[in-house]
Amino acid sequence: MEADGTHADTRRHTLHPRPTRDRRRPESGDPLRSCGPAFAGAIMHLEPPHAELTSFRDFAKHYLMIVLSILTALGLEAWIEHTHRTHAAAMASAQIEAELQTNLADIQRMRNADAKRLALLTQLDNYLVQAVKDGTGADTITQHIDTQMEGDFSLGLQLPKLRHEAWDVAVANQAAGWIDAGKLRHYATIYAYQSDFERRVSFNTSVNLQGARMNDIDADLKAGTLQPLEVMHTVNSMVSSLGDTVIALDSMERAFGHELPGLVTATSAVPAH
């Protein structure tokens, strides 16, 4: 019996060994250890000072090294940012001035063409008013128009194409904010004049000119069915619209001269094509 009891006791201890704790394995209740040895080691790692700080002087040296390192990094970052902004502002200014120079050349060319056309149409308008008063026949009026206009009678305005893409890009990418404040004000004033010119011409055209009516006059002139009174009204409207356009173009050119005189000089030096 004792042998059986001893055997049973031995078996009991064999089947139920006392649990031992493996300190190398993470415990589920430990939030640091449950993340794994690598993560726990990364969190618990502390970088000790390379030298023992035994005095205030050593501490001050260590502190100044840290401060100087931070200030150097901040200064380098500020210098890089300043260089980037300076380059972006210079590029934006060059693109804006090239665009405005093209616009100014187009303004001057269209202004000269419209002024010449205005002089011819003013003479024609005066003739038509007198012809209507005198009851001059349509054939005689048609012949006079062909002679005076040298066979190139057409109604319409020649307007400059005022580009603003460079300005829009500079505003969109914020490079405009890095341009010198004085130059930026001059640029903004010119572009504001351009927008005002386009609104003014659009309004005057809608009031004074009717596209279908002008096309009818051209067709009547070619077909020989011209009506003197209707032609007089159309030419008179055209003279009014052209005159206002020339005045607006003159105002634009003066604005360029006031805001960007150097650009006007450079544009005048370029031969017209």
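Since every read-out is calculated from the coordinates, none of them should be taken as a lab result. Just so it is clear, the structure is predicted and the values come from calculations on it, not from any experiment. When we count neighbours, we look across all protein chains shown, and the Cβ atoms used for this are built from the backbone with ideal geometry, even at glycine.
Seen from every direction in turn and averaged, the convex hull around the alpha carbons of segment 90-140 projects onto 4.7 nm².
The length gained on full extension between residue 72 and residue 181, counted as 0.36 nm times the residue separation minus their Cα-Cα distance, comes to 36.3 nm.
At a Förster distance of 22 Å, what's the computed FRET efficiency of residue 247 paired with residue 165, Cβ-Cβ distance as r, to 0.05?
Numbers: r = 27 Å, r/R0 = 1.23.
My answer for the efficiency is 0.20.
Applying 1/(1 + (r/R0)^6) with R0 = 41 Å to the Cβ-Cβ distance of residue 102 and residue 80, what FRET efficiency is obtained, to the nearest 0.05? After rounding, the FRET efficiency stands at 0.75.
At 0.36 nm per residue, minus the direct Cα-Cα distance, what do residue 144 and residue 64 gain on full extension? Give it in nm, one decimal, please. If you can, show how the numbers build up before the last one.
Values: separation 80, 0.36 × 80 = 28.80 nm, distance 9.39 nm.
Here the answer is 19.4 nm.
For segment 63-164, state which GluC sites (Glu not before Pro) are in a DSSP loop and have at most 16 other beta carbons lying within 10 Å of their beta carbon.
Qualifying residues, ordered by number: 150.
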